[in-house]
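Here, each number is a calculation from the coordinates, and none is a lab measurement. Nothing here was measured: the structure is a model prediction, and the numbers come from that model. Positions of Cβ are backbone-derived with ideal geometry, glycine not excepted, and every protein chain shown enters the neighbour counts.
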Amino acid sequence: MFFLPTVRSRFLSLTLAATLFATGGIVFTGSMVRAGEMDDHAESLKGMPADASFYVAWLKNGELIERMQESNAWRKLMTIPAVQMGLMQVQSYWQFPPTEQLVAAKEWIEGPEGQEVLELLAEMGSEEIFFYGDHSVTDLLEVFLEVNSEVSRLQFSALRHLGDPDAPNLEEALNEKMAQIFEKHQGKLKIPSLVIGFRIDDTDRASELLSLLEEQIRQLAASTPLPVDDVLRRVKSDDVDLLTLTLAANLLPWDDIELEMEDQPGLYDLLREMADGKQAVLAVGMVDDFVVISIGDSVKRLQNLGDGPLLSDTPEFQRLDRHADEEVVSLLYASHDFLQVVGSQERSFRDIAVMLKGLLSMASLDQLRQEQMEKDIDEFATDLIEYLPEPGAIAAVSFVTDRGYESFGYNWGEIAPNYDGTQKLTLVDNLGEDSIGWFVARGKQSVEGYDKGVSWLRRGFAHFEAIAEISMDHDDWKQYLEFREKAIPLLARLDEANREGLIPGFADGQGAIVFEASATAENWCDFIPTANQELPLPTLAIVQGVSDAALVKEGTGTYLAVAQKVLDMAHEAEPDEVPVFTIPATKESQVSSGTIYSYDLPSELGVNERIAPNAGLSDSVLVLSLLPELTETLLAGSRPKVDGPAAEFDRPLVAAGHFKFAKFLDLFSPWINYEIQVTMEQQAEEAVAIVGMVGFVKPQVDQLLDVLKVIDSGTWTRYREEDAWVTHGELRIIDLQE
C-alpha cells in the first residue's frame, strides 16, 4: 500500500502515477503455504513464481536496526558533539518550519492521519522487503540493449561517409533497423511485471489507508479528462485488496504520434500493431500480509494464487536451503537469461569494435588496408571474447552470526578460462601475518596464449606502421626505419626471454597484491618536517609464484640488458635531448629465504634510506616492493592470521581476499596528528586559535574513527563446489567495549 496526504493537486496525482510506473509489476502471491526451507525465512518466497528475472529480499530489518541502536558503538556515536548538534538543528528546523509548505507538512504528519501513515511506513520497512521482476524484464532489456547497440553501430559506421553526398540516410537506416528488431522480438515484448513488497502485521490499517487513497485519487482526477471510473478500480478477493489503474494503449495520442512519425510510416504501423490490445496495470494495495506496489499487464496472477512452479522450487534456491538453519537477513537470485543479457560483456566488445572501425575510417587509408584492419579488429574482438567469463544464474544468501555477517553466493556460470581453481593457493603463506589487505588468485600460463598475444601485437604494429608511414614526414620516417632495424633484434631477445625464461619460470600462475603499513618512521622525506611520533607508511607489494627461479632471474636479466640498449640507442639518435643513462647495478642482499635485489634512490630525492625499489627472489616466490624489509618478511613466508568460517585456505581456490578495515582506519590518526603539528609550526602566531579548534574537532574525529572500527574486517574465498562457483564471505563486526 502506498499513501499520500490530503493535498488537492494535479502535480501530486502525476507524481503518484510516475512512482507507480517506476516501481514495477504485480506478480506476487504470499498466501500459499508449502513445506520448505528458505521460504520459512522469506514469506514472499511462498508464492513467488519461478519465471523470475531477479528476486531480492531483505529480512529482519527492524530487528537489525534495534541491535545497532543497542550497541556500544551507536551510543558512542550519539555522544559526539557534532552529531548532537546536527540532531538539534534538525529538531529545531522541524519545530519551527521556515516555509508554509513545511508548516503544512508538519501539521499533517503530526495529525492522526499522518501518524497512521508513519506507523505503517515504519512497519513496512521492519520485517521483509522484496523486489521481483519476471522474465519479461529480460526480454525488454534485451530489446533496449540491442537498439542501443545498433544506434552506436550506425553512428560510427556513418563516419565512413563523412562528406559523401551519396551517403545513406542515418535516420532512415536507424528506423529500418529498429523496425527489424521490433519485428524480431514482437512476440516477446510486453509490459514487464515488477513488484516491490513490504511485509506488515496490521493489515486492517493498511486497508483503511488504501480506501482513503482511492478517495483522494478520485478527487484529484475529477478535474482531468481521464475516464476515471473506467481505469481506476478496486480489486478484492480472499487475500487480495488492490487499487488498480489501467492504462490501455488506445488511450495514447496516436494521431499526434502518427504526425511525429509521418516520415516513418512503416515503423509507425509496426508500433501501432505491437501496442494493439496491450495495457499497463498499475496496482497498489495488499496481497496477503504484504503491501505491494507494482506494474504489469494484468493482476490475474494475484487472483490465482500459487498456480504454477514457484521460485523456491528451482534448483538454485534449493541450493540455498542448506543455509536455512541460519539467521538469514538477505536473499538474491538472478536468472541465467537475465545475466546473459545484462551481465555479458560480449555486446560491449562488439560495440567497441564498431567504434574503432568508425574512427579508423577517418585515417585516410587506402581501401585494401582499411578492409584488412577492420577484419583484424573483428577477429581481435572475437579472440578477446573467448577470455570472458560466461554468465550464469546466481543465488546468494547472507545471515547473521555471533561474529557479524556471513554470506554464500552460488554462480552457475563459468569463470574466465585463464583462471585456475583446481589447486590450493599456496601463495597465501607469503602474504604477511598482519597485512592490512591482500588479494590472491591463480591463472594459467601457456606458450599458446603468449603466441596469440604476440601474433596480435605484430598485426597491430604492422597497421600502426601503415598509418605512421602516411602521417610522418620523409626524414622522420627514415629515422624510424633506422631505429626499427636496430630494435627488431632486441624484440627477438625479449621474445626468447619470455618463451624460455619468464613463461616457464612463472608457470605456477599465482599472483597477489598486498597492502601493508607496518613500517613506521618519524620522517619519510627530508623535505617535510619531522613528526613527533612514528608515522606508518602505506605500501603495496606484488607477490608472484615462481616455478623456476633461475629462469626468472635469467629472463629478468635479459629485460634489463635490452632496456639499457634502448637507452643507449635513444641517446645516439638524439644526443642533445636524451642524456647518457646507465641502469645502476643492483645491490644484492642474501637473506634466509632468498636474495633481495635493490636500487638505492638518489640522495637528491631526500627520501628515507629505508625506501628502495627492490625485488626479492626465492625458489618459489618473487616479491616486488619499495621497502626491502617488507620484501624480506613476505619472502620468508608468513601466513595471515585470519580466522573465521570464510578463511578456507586449505582447499582448491581460484581466488581469495582479506581486508582489515579497522586496522586501515588506524593509519589515519597519526597522520592527522602530524597534519596538526605541521599546521601549528607553520602558523605559530595563530597557535592558540588552532589549539582551540583542534581541541574541539580532534576528539570527535577520534570518536568517529572508533565507531567505524566496529567493522573489523572482511574475508572471502572463491572455489568450485559441485556444479557452481561459490563465493564464501564474512564481514566481521566487533562492538566497542563498555
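Determine by what factor the alpha-carbon radius of gyration of the stretch 617-690 differs from 2.2 N^0.38 Å, reporting the quotient.
In units of the 2.2 N^0.38 Å rule of thumb, it is 1.81.
Check the straight Cα-Cα distances from LYS553 and name the aspartates and glutamates below 16 Å, setting aside those fewer than 8 residues away within the same chain.
Straight-line reach from LYS553, under 16 Å: ASP495, GLU496, GLU500, ASP508, GLU588, ASP619.
Which percent of the Cα-Cα distances in the stretch 642-738 go past 19 Å?
59 percent
With a/c under 1.5 counting as rounded, go ahead and sort the stretch 299-453 into rounded, prolate or oblate using the C-alpha gyration tensor (a ≥ b ≥ c being the square roots of the eigenvalues; past the cut-off, prolate if a/b is larger than b/c, else oblate).
Since a/c reaches 1.5 but b/c is at least a/b, the shape of the stretch 299-453 is classed as oblate.
Report, by chain and number, residues whose modeled amide H sits under 5 Å from the one on ALA612, excluding near sequence neighbours (fewer than 5 apart, same chain).
Distant-sequence amide H within range of ALA612: LEU627.
Order these peptides, 399-406, 529-536, 135-142, by their mean beta-carbon neighbour count within 10 angstrom, highest first.
Highest to lowest by the protection proxy: 135-142, 399-406, 529-536.
Please find the FRET efficiency linking ASP201 to LEU145, where r is the Cβ-Cβ separation and R0 is fixed at 35 Å, and quote it to the nearest 0.05.
After rounding to 0.05, the efficiency reads 0.25.
If packing is taken as the average count of other Cβ atoms within 10 Å, what order do 106-115, 368-377 fall into, highest mean first?
368-377, 106-115
In nm, what is the difference between 0.36 nm times the number of residues separating PHE668 and GLU390 and their Cα-Cα distance?
96.0 nm
Residue by residue through the stretch 380-389, which ³J(HN,Hα) values in whole Hz follow from phi under the Karplus form 6.51 cos²θ - 1.76 cosθ + 1.60 (θ = phi - 60°), with glycine and proline marked x?
Here the 3J(HN,Hα) series is 5, 4, 4, 5, 5, 4, 4, 9, 8, x Hz.
Identify all lysines with a Cα-Cα distance to LYS663 below 30 Å; exclude those on the same chain that are fewer than 8 residues away in sequence.
Straight-distance partners of LYS663: LYS60, LYS76, LYS424, LYS641, LYS698, LYS709.
For a quick check of your reading of the filter: which GluC sites (Glu not before Pro) in the stretch 584-683 sit in a DSSP loop and have no more than 12 other Cβ atoms within 10 Å?
GLU609
Rg and Dmax of the stretch 412-569, Cα atoms, in Å?
For the stretch 412-569, the Cα-based Rg and Dmax read 21.9, 62 Å.
Please turn the phi angles of the stretch 507-518 into ³J(HN,Hα) values with the Karplus equation 6.51 cos²θ - 1.76 cosθ + 1.60 (θ = phi - 60°), one per residue in order, whole Hz, x for glycine and proline.
4, 4, x, 7, x, 8, 10, 10, 10, 10, 7, 7
Could you work out the percent of alpha carbon pairs in the stretch 400-494 separated by over 18 Å, rounded to a whole number?
Tail fraction, whole percent: 73.
Using only the alpha carbons of the stretch 102-144, what is the convex hull's orientation-averaged projected area in square nanometres?
Averaged projected area of the stretch 102-144's Cα convex hull equals 5.5 nm².
Quick one: dipole size for the stretch 332-373, taken about the Cα centre, charges +1 on Lys/Arg Cβ and -1 on Asp/Glu Cβ, in debye to the nearest 20.
80 debye
Pull up all non-local amide H partners of LEU310: gap of 5 or more, or a different chain, and H-to-H distance under 5 Å with H placed in the peptide plane.
Amide H to amide H, under 5 Å and 5 or more residues apart or across chains, LEU310 pairs with ALA50.
log10 I(q)/I(0), Debye, Cα-only the stretch 452-518, no solvent, q = 0.18 Å⁻¹?
At q = 0.18 Å⁻¹ the computed log10 ratios are -0.84.
Going by amide H atoms built from the backbone, whose H comes under 5 Å of the H on THR401, apart from near neighbours?
Close amide H contacts, sequence-distant or interchain: GLU406.
Under the Karplus relation 6.51 cos²θ - 1.76 cosθ + 1.60, θ = phi - 60°, what is the ordered set of whole-Hz ³J(HN,Hα) values for the stretch 438-454, x standing for Gly and Pro?
7, 9, 9, 8, 10, x, 10, 9, 8, 5, 4, x, 5, 4, 5, x, 5
For the stretch 534-609, what percent of Cα pairs sit more than 15 Å apart?
Across the stretch 534-609, Cα pairs with separations above 15 Å total 74 percent.
Under 22 Å Cα-Cα from LYS190, which lysines qualify once same-chain neighbours fewer than 8 residues away are excluded?
LYS177, LYS278, LYS300
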